[in-house]
């Protein structure tokens, strides 16, 4: 067995250990990442053969959630983990995004990275550790990889930036920033914030990049000590020598003229198709072109097309649709488009159009989570859908892809800091963003459409949130930061930089960089352009709906809340749920009860909810001495009647207290089911209650009622005869 080797470094206040050589010896590279009680095995393996018939690099990243890591048994019927949770998919994406650009572009051998948490500490998050482990496994493996890289999380408490905060600290933090980077530069950013200003964000990014240098240094040491030789004999799918140059010679001028001639996307595409058709006809007559496949020619043509557009942007600042770098496409916003959802908002930016719809529900409709990540429930649920018709295409509908899950999570993160608390607004909130038409930046349109939809539903957002997607084109010397990138600019650009926020600051940020790195100057310029654009977007949102509606829609559930003694929850629920079911049926409401005694009552009509509230307060009431109740005779005995004064609470009216005159029997005055007024004249320690009807008839005070209560029976035993 190979000898285990351990390497350590410090990340913030934590000591991180990377060990290899003990587990998973047949994987291409295997590393165990440890921090506190968190232990995770990460493997990286490359297929021996290239995958035929594809034009992309087949990389997969999978977090295998095993609940034994947290000392839990799965809650499913099978008691076995099922498909990956949403949080696991988001972590997979966070690791995939910075790693993917670092593999050879001509390689088609599949690479699979698997993360297996073995133990999960209560204060460590998996994302940064997982990315460091994946990079380390690739670095020491035989997989060609232009690394290493590392990641760190940055928080902010009391305006002080914190490196590698714990889960507890993040609950108090106004910033949750995850940064991945190489030795030279930042590669990927994922952030949520509570209206952080741009300068603070830049400082946090710089601190993050400095903080990962030890992790990168240790990985270099690992490669020197235990690294395998890289497999550089993989089949190359690079374009044949001379192909791109020949395509450039034949098409550059025509493509450049087309880009200058038209700003219409469809018209430009038709011209490009005609140029490509002519290119194929000319190459068919050339002897050297015989060895070039149609697929290779197509790829070379698209490379030249991208180069033409990039050069024009760098040289003149004019973009494919005629805009300058700072101009936003035409914006429109509408609300209240459909009747049944509780809120709806339509946001359009050029050809990009997103419809967001809001539904309000009971607290019991929160999403319950059964995964390895913090939190047991999710109150705000945001889903994003990207149907094929939005780009004029067709494909099989097989449920949400990882990209759709990621875009929904980004929109949720952007809006969550502005949502009202449960105490202010006791509803579960679900927003679904439907991408109806896409030409880039549908995720940011989802944020804008969802702001409209939430305010249309009467959700009291603290402030509207807008989003904008930024881009970058650079050749190493020249660069242009682009505001509001469209599809083609996202495809050919060097950076995808999404920023959301209010007028006061940033609430979410996501960035992927395709080049070696960007300077603080470029990031600062991008953030400033994004801020200016965000204000324009917020003006358009304000024009459609200036503030959340003061009232909920008619068809939204009407919610009232109250607090009861937690020890009385059983009384409200009743035996086998009898009492709570009766309330729900009688008043046509839904009733939820929390463990702390908070009771939520919702109904389609406010009247039903209010009536149910009165009744719940009534049955939760504690009997008070001297208070008069309208009670129902529940049972009759020789010496009196038992009267129910509150649901589930009754007391005895002695026969001597049933009337203001002498009566021969109980039945002479009352029958079972009669309603009578009674006063509580005494409550014993064991909970038994004495009642008096005579006190009400005579108008006695509590003291008078007690003085007239039935005499005590003689303690002397009856005389024997």
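The values are calculated or read from the model by the stated rules, or taken from the named source; none is laboratory data. Since we're looking at a predicted model, the values are computed, not measured. Here Cβ is always computed from backbone atoms with ideal geometry, including for glycine, and neighbour counts include all displayed protein chains.
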**Q.** In segment 425-466, the residues that are within 10 Å of residue 345 (Cα to Cα) and out of contact with any strand residue (DSSP E or B) (no Cβ under 6 Å at 6 or more places or on another chain)
**A.** 451, 455
Q. In segment 7-35, what residues are out of contact with any helix residue (DSSP H, G or I) (no Cβ under 9 Å at 6 or more places or on another chain) and either in a loop (DSSP other than H, G, I, E, B) or closer than 12 Å to residue 136 by Cβ (or both)?
A. 13, 17, 19, 22, 23, 24, 25, 26
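Considering only residues that are under 19 Å from the mean Cα position of the chain (by Cα) and assigned to a helix (DSSP H, G or I), which ones fall in segment 356-399? Give the derivation first.
Applying the first criterion (under 19 Å from the mean Cα position of the chain (by Cα)) to segment 356-399 yields 356-386, 399.
Of everything in segment 356-399, those that are under 19 Å from the mean Cα position of the chain (by Cα) and assigned to a helix (DSSP H, G or I) turn out to be 363, 364, 365.
Residue-wise test of (1) part of a loop (DSSP other than H, G, I, E, B); (2) in contact with a strand residue (DSSP E or B) (Cβ under 7 Å, 6 or more places away or on another chain); (3) touching a residue at least 40 places away in the same chain (Cβ under 8 Å).
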{"residue": "489", "(1), (2), (3)": "no, yes, yes"}
{"residue": "498", "(1), (2), (3)": "no, yes, yes"}
{"residue": "532", "(1), (2), (3)": "no, no, yes"}
{"residue": "539", "(1), (2), (3)": "no, no, no"}
{"residue": "542", "(1), (2), (3)": "no, no, yes"}
{"residue": "580", "(1), (2), (3)": "no, yes, no"}
{"residue": "590", "(1), (2), (3)": "no, yes, yes"}
Q) Which of the residues spanning segment 608-654 are within 18 Å of residue 686 (Cα to Cα) and without any contact (Cβ under 8 Å) to a residue 40 or more places away in the chain? A) 621, 622, 642, 644, 646, 650, 652
Q: With the checklist (1) under 30 Å from residue 347 (Cα atoms); (2) touching a helix residue (DSSP H, G or I) at 6+ places or on another chain (Cβ under 8 Å); (3) surrounded by fewer than 20 Cβ atoms within 10 Å (Cβ to Cβ) in hand, flag the one item residue 560 doesn't pass.
A: (1)
Q) What is the one condition in (1) surrounded by fewer than 16 Cβ atoms within 10 Å (Cβ to Cβ); (2) in contact with a strand residue (DSSP E or B) (Cβ under 7 Å, 6 or more places away or on another chain); (3) part of a loop (DSSP other than H, G, I, E, B) that residue 547 does not satisfy? A) (2)
(Q) When you check residue 429 against the structure, is it surrounded by 22 or more Cβ atoms within 10 Å (Cβ to Cβ), assigned by TED's automatic domain parsing to the domain that holds residue 385, modelled with pLDDT of 95 or more and outside any loop (DSSP other than H, G, I, E, B), yes or no? (A) yes
Q. Quick one: which of 204, 238, 258, 208 is touching a residue at least 12 places away in the same chain (Cβ under 8 Å), loosely packed, with under 15 Cβ neighbours inside 10 Å and outside the structural domain of residue 350 (by TED's automatic domain parsing)?
A. 238
Q. Within segment 634-646, which residues are in contact with a helix residue (DSSP H, G or I) (Cβ under 9 Å, 6 or more places away or on another chain) and either buried (at least 19 other Cβ atoms within 10 Å of the Cβ) or in a strand (DSSP E or B) (or both)?
A. 636, 637, 640, 641, 646
Q: Please verify whether segment 102-122 includes one or more residues that are under 25 Å from residue 299 (Cβ atoms) and free of Cβ contacts under 8 Å to residues at least 40 places away in the same chain.
A: no
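Checking the conditions here, which among 386, 396, 347 is buried (at least 16 other Cβ atoms within 10 Å of the Cβ), within 30 Å of residue 266 (Cβ to Cβ) and without any contact (Cβ under 8 Å) to a residue 60 or more places away in the chain? Spell out the reasoning first.
Working: 396 fails: buried (at least 16 other Cβ atoms within 10 Å of the Cβ); 347 fails: without any contact (Cβ under 8 Å) to a residue 60 or more places away in the chain.
Just one listed residue meets the conditions, 386.
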Q: State which residue pairs qualify: first residue farther than 16 Å from residue 27 by Cα and inside segment 45-59, second residue assigned to a strand (DSSP E or B) in any location, beta carbons under 6 Å apart, and separation of 6 or more residues or different chains.
A: 50/109; 51/110; 58/110
(Q) Taking the conditions exactly as written (surrounded by fewer than 20 Cβ atoms within 10 Å (Cβ to Cβ) and not in a helix (DSSP H, G or I)), does residue 554 satisfy them or not? (A) yes
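In a strand (DSSP E or B), modelled with pLDDT of 95 or more and surrounded by fewer than 23 Cβ atoms within 10 Å (Cβ to Cβ) - does that describe any residue in segment 512-520? First the steps, then the outcome.
From segment 512-520, those in a strand (DSSP E or B) are 512-513; that's our starting set.
Filter once more, so that each one left must be modelled with pLDDT of 95 or more: none.
Within segment 512-520 (the criterion being in a strand (DSSP E or B), modelled with pLDDT of 95 or more and surrounded by fewer than 23 Cβ atoms within 10 Å (Cβ to Cβ)), the answer is no, since none of the residues qualifies.
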Q.
Would you confirm, using the coordinates I've provided, whether residue 64 is within 24 Å of the chain's Cα centre (by Cα), under 29 Å from residue 103 (Cα atoms) and either assigned by TED's automatic domain parsing to the domain that holds residue 120 or at pLDDT 95 or above (or both)?
A. yes
Q) Looking at 313, 216, 297, 318, which is the one that is within 30 Å of residue 153 (Cβ to Cβ) and either within 40 Å of the chain's Cα centre (by Cα) or in contact (Cβ under 8 Å) with a residue 12 or more places away in the chain (or both)? A) 216
Q: Could you name every one of the strands (runs of 3 or more DSSP E) located completely within segment 108-174 that has at least 2 residues being in contact with a strand residue (DSSP E or B) (Cβ under 8 Å, 6 or more places away or on another chain) and surrounded by 23 or more Cβ atoms within 10 Å (Cβ to Cβ)?
A: 109-119, 150-157
Q) For residue 234, which of the numbered conditions (1) at pLDDT 90 or above; (2) outside any helix (DSSP H, G or I); (3) out of contact with any strand residue (DSSP E or B) (no Cβ under 9 Å at 6 or more places or on another chain) fails to hold? A) (3)
